Each structure stands twice: as structure tokens, then as C-alpha cells.
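Here the structure is laid out as C-alpha cells; the discussion comes afterwards.
The values are calculated or read from the model by the stated rules, or taken from the named source; none is laboratory data. Small disclaimer: the values here were computed from a predicted structure and weren't measured. Note that we place each Cβ from the backbone using ideal geometry, even for glycine, and neighbour counts take in every protein chain shown.
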């Protein structure tokens, strides 16, 4: 196998920040920040209470906190997210629960440097 996935199973509970480099599957309970340049999969039994900052995330379980991803955020049909999303792309399946605000597309910092386009008035 060229790429390995790390797994925190459903009997794991962590209070504190988690930092990782590659891919991680969480199926347990995390209370704290999750930070990575890799991909995160939140399993069906997982509960994360805290901010998630990763390259991409797929959510099958429950997240209570804001999500900031550079690329893609996917909410699967049984997912529950209570918090805001900032992502490059966002996918929400039918049946998912999302309570919060979303900001999708390029980051606001890159847009603020461009001047508004003047439109002729009729």
C-alpha cells in the first residue's frame, strides 16, 4: 500500500488537539481542534466537538464546530453538522443535517484585492 489511513476507532475518546499529516478516519469522540494538511473522514459513530481545519473532509457522523477546508467538504446522508463551513467545494447529500452558514469557493482574502466591476447605469 502506498498511502496509509490512520484510524481512531469508536472506543477512542480524546480531549485536546489532534494534528496529522496524511489521511485519518475518526470513528470515536474528539473534544478539541482537528488540524491537518491531509484528508479527514468522520465515521458514522464519530462525534467531534471543536474546529476542523483540513485539506478535505467527508462526514458520516456528527460535528459540532466550524469546518475550514482548502478543497472539498462532503456531508453524507446521515451526517449532522452544527457549525459554519468554509470550503473550496461543498457536497450535501439528501438526508444530511446542516445548521450554520457556508462560504464556498475561493477564499475571501483573494477577492478583496480586486476592484469591483463598474456597470453602466441604464
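Miscellaneous remarks
- Odd one out for residue 24, checked against (1) more than 13 Å from the chain's Cα centre (by Cα); (2) at pLDDT below 95; (3) part of a strand (DSSP E or B): (1)
- For the range 49-97, the tally of residues that are surrounded by 15 or more Cβ atoms within 10 Å (Cβ to Cβ) and outside any strand (DSSP E or B) stands at 13.
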